[in-house]
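First comes the structure, then the notes that go with it.
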Amino acid sequence: MRDAILIIGGGIAGINCALNAARYGTKVYLVDDTASIGGMMARLDKTFPTNDCSICIEAPQMYDTDNQENIEILTHTEVRKVKAKNGGFDIRLVKRPKYVDEEKCTGCGACVEACPVSIPDEMDGKIGGKRKLISMAFPQAVPNMVSLDPACRSGEMQDAGACIGGCAVDCSQCRECPIALCVKACEKEGKNAVTLWQSAKNVKLEVKSIVVATGIDAARPAGDLLGYDLYDNVITGMQFERLMNAGGPTAGEIIRPSDGRHARRIAWVQCAGRGLAPGKGVPYCSKICCMIATKQVIITKEHDAAVETTVFYNDLKAYGKNFWGFYQKAVDAGVRYIRGRPYEVQENPETRNLVVRYENLETGKIETHEVDLLVLSTGIVPNERNAKLAKVLGIELDHLGYFKEKDPLTAPLETSVPGIYLCGGATGPIDIAESVVQACAAGMKAVLRP
């Protein structure tokens, strides 16, 4: 498909880029290396500054993407080789196995119920989230199908109770499985979709343009930052997002990980870890963290107006339309903002409450504040796979790890390689609205390229 375009990354930016390009009659290949499109937005509760339901906005777009005849979705797929040729690009992709037949799986969940092993979910582990070894990324996943953890069929989960962990036959050499409970459950449903012998596939494409929409990630706290590795009731902003999400591990109940009690006093620490040594924190302002915390305190108050909410901040970032009014809404709801710098957290061993010691930047005094739950706003970082992808594409990263624009003023969203464009979190920390705007612009650049 010489006039086709390739979009790398299936988050909100990649989805909007694909839909916009497809509506202009362009063939689009939308590639994502996870099991479903949707990206980070699909895991959020609400969006700021309107507090609209996040998945309610994105799920219809994901459905439209899946049903748009000009868009082909390739999940669990990595870009391995890109070669410029005749003004376009020859692409080699590797589609990793899900060990499930995409044509047969209907997402009924019978295999998930049959699986005997639950493990901590990568995103929600600290707040109690678990998943099975065969699972769906989230209820609205596109494609709406399950995938099987490779650790199950390899035997790594034998000690955890995996039903095929002790089999002496390599799954790749076997076309029937009388052992796996997920296989039996699928056969009982008449689907026969679980195929443990599935292997990776190479896919070759020809496109005229490429759009990089790899998105962003939430920074992990470095070590025992403000007690994160020491105390159960110190969590990250993203974990709190999942805690208050009706689709999260607690069904939206804001409870403490340590004992399951409802948190009555919660504090947020902005810029947690900012300015630490390289590799131990985020050296820059992530731009959107203040509004994320503001959204979270407002929603917490909506859950229960009696909850005491406190935000420790250095400088408030309210740069967008209606952002200052959004902050004022939080203040009017009774949220306490303290311009202070927390530097030590200690836990009361009897109550599991946390005592935050901080410098009050208004008075210069050292003060303490006791809470049930502490939330760390650790900042936004680049997708961890950016470096590998940049090498494959032959384009540059900046010193922070984001993709580098050719010239932000005269050639925005373009790279040093003609025909490769950028949008959304690939360029730096960004909110959803800005990502969508950039996605439409990058998509038009890709479509209009001769």
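Output yes when any residue across region 197-207 is crowded, with 22+ Cβ neighbours inside 10 Å, modelled with pLDDT of 95 or more and touching a strand residue (DSSP E or B) at 6+ places or on another chain (Cβ under 7 Å), and no when none is.
Yes, region 197-207 contains at least one residue that is crowded, with 22+ Cβ neighbours inside 10 Å, modelled with pLDDT of 95 or more and touching a strand residue (DSSP E or B) at 6+ places or on another chain (Cβ under 7 Å).
Residue-wise test of (1) of a type outside the set (Asp, Glu); (2) assigned to a loop (DSSP other than H, G, I, E, B); (3) more than 30 Å from Ile292 (Cβ to Cβ); (4) not assigned by TED's automatic domain parsing to the domain that holds Thr236.
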residue: Ala35; (1), (2), (3), (4): yes, yes, no, yes
residue: Asp66; (1), (2), (3), (4): no, no, no, yes
residue: Glu72; (1), (2), (3), (4): no, no, yes, yes
residue: Pro116; (1), (2), (3), (4): yes, yes, yes, yes
residue: Met123; (1), (2), (3), (4): yes, yes, no, yes
residue: Asn144; (1), (2), (3), (4): yes, yes, no, yes
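Quick check: is even one residue across region 96-108 among the small types (Gly, Ala, Ser), in contact (Cβ under 8 Å) with a residue 24 or more places away in the chain, in a loop (DSSP other than H, G, I, E, B) and within 24 Å of Val392 (Cα to Cα)?
Applying the first criterion (among the small types (Gly, Ala, Ser)) to region 96-108 yields 107.
If we keep only those that are in contact (Cβ under 8 Å) with a residue 24 or more places away in the chain too, we end up with 107.
Checking the rest, the ones that are also in a loop (DSSP other than H, G, I, E, B) come to 107.
Pick out the ones that are also within 24 Å of Val392 (Cα to Cα) and you get none.
No: region 96-108 contains no residue that is among the small types (Gly, Ala, Ser), in contact (Cβ under 8 Å) with a residue 24 or more places away in the chain, in a loop (DSSP other than H, G, I, E, B) and within 24 Å of Val392 (Cα to Cα).
Go through region 311-360 and report how many residues are surrounded by 19 or more Cβ atoms within 10 Å (Cβ to Cβ), closer than 24 Å to Val234 by Cβ and among the hydroxyl-bearing types (Ser, Thr, Tyr).
3
What pairs can you find where one residue is in region 333-351 and assigned by TED's automatic domain parsing to the domain that holds Ile299 and in contact (Cβ under 8 Å) with a residue 40 or more places away in the chain, the other is in a strand (DSSP E or B) and aromatic (Phe, Trp, Tyr), and their Cβ atoms are less than 6 Å apart, with a gap of 6+ or different chains?
Hits for this filter: Pro342/Phe312; Pro342/Tyr358.
Can you tell me which residue in region 36-56 is surrounded by the most Cβ atoms within 10 Å (Cβ to Cβ), limited to those that are farther than 12 Å from Ile432 by Cβ and of a type in the set (D, E, K, R)?
Asp45
Within 19 Å of the chain's Cα centre (by Cα) and free of Cβ contacts under 8 Å to residues at least 60 places away in the same chain: is that true of Ala251 in this structure?
Numbers: within 19 Å of the chain's Cα centre (by Cα): yes; free of Cβ contacts under 8 Å to residues at least 60 places away in the same chain: yes.
When the stated conditions are applied, Ala251 passes them.
Of all the residues that make up region 156-196, how many are touching a residue at least 40 places away in the same chain (Cβ under 8 Å) and either small (Gly, Ala, Ser) or in a loop (DSSP other than H, G, I, E, B) (or both)?
Total satisfying the criteria: 12.
Restricted to region 319-378, and to residues that are of a type in the set (Ser, Thr, Tyr) and part of a loop (DSSP other than H, G, I, E, B), which residue is farthest from Ala293 (Cα to Cα)?
Going through the qualifying residues, I end up with Thr351.
So Glu78 clears everything in (1) in contact (Cβ under 8 Å) with a residue 60 or more places away in the chain; (2) closer than 30 Å to Asp45 by Cα except one condition, right? Which one?
(1)
For residues that are at pLDDT 95 or above and small (Gly, Ala, Ser), scanning just region 365-400, find the one that is farthest from the chain's Cα centre (by Cα).
Out of the qualifying residues, it is Gly394.
Which count do you get for residues in region 291-312 that are touching a helix residue (DSSP H, G or I) at 6+ places or on another chain (Cβ under 7 Å) and outside any loop (DSSP other than H, G, I, E, B)?
Qualifying residue count for the region: 9.
Residues of region 404-450 being charged (D, E, K, R), assigned to a loop (DSSP other than H, G, I, E, B) and over 14 Å from Ile5 (Cβ atoms), which ones?
Lys404, Glu405, Lys406, Asp431, listed by residue number.
Inspect region 210-218 for any residue being more than 30 Å from Ala442 (Cβ to Cβ) and touching an Asp or Glu at 6+ places or on another chain (Cβ under 8 Å) and give the result as yes or no.
no
Under the condition of being over 20 Å from the mean Cα position of the chain (by Cα) and within 12 Å of Pro143 (Cα to Cα), which residue from region 65-79 is surrounded by the fewest Cβ atoms within 10 Å (Cβ to Cβ)?
Filtering first and then ranking leaves Asn67.
For residues in region 238-281 being within 27 Å of Ala137 (Cβ to Cβ) and touching a Pro at 6+ places or on another chain (Cβ under 9 Å), which is surrounded by the fewest Cβ atoms within 10 Å (Cβ to Cβ)?
Selected residue: Gly247.
Quick one: Tyr24 ticks every box in (1) part of a loop (DSSP other than H, G, I, E, B); (2) buried (at least 22 other Cβ atoms within 10 Å of the Cβ); (3) in contact with a helix residue (DSSP H, G or I) (Cβ under 6 Å, 6 or more places away or on another chain) bar one, so which box is it?
It fails just one condition, (2).
The values are calculated or read from the model by the stated rules, or taken from the named source; none is laboratory data. Note that the coordinates shown come from a computational prediction; the quantities given were computed from them, not determined experimentally. Cβ atoms come from the backbone with ideal geometry, glycine included; neighbour counts cover every protein chain shown.
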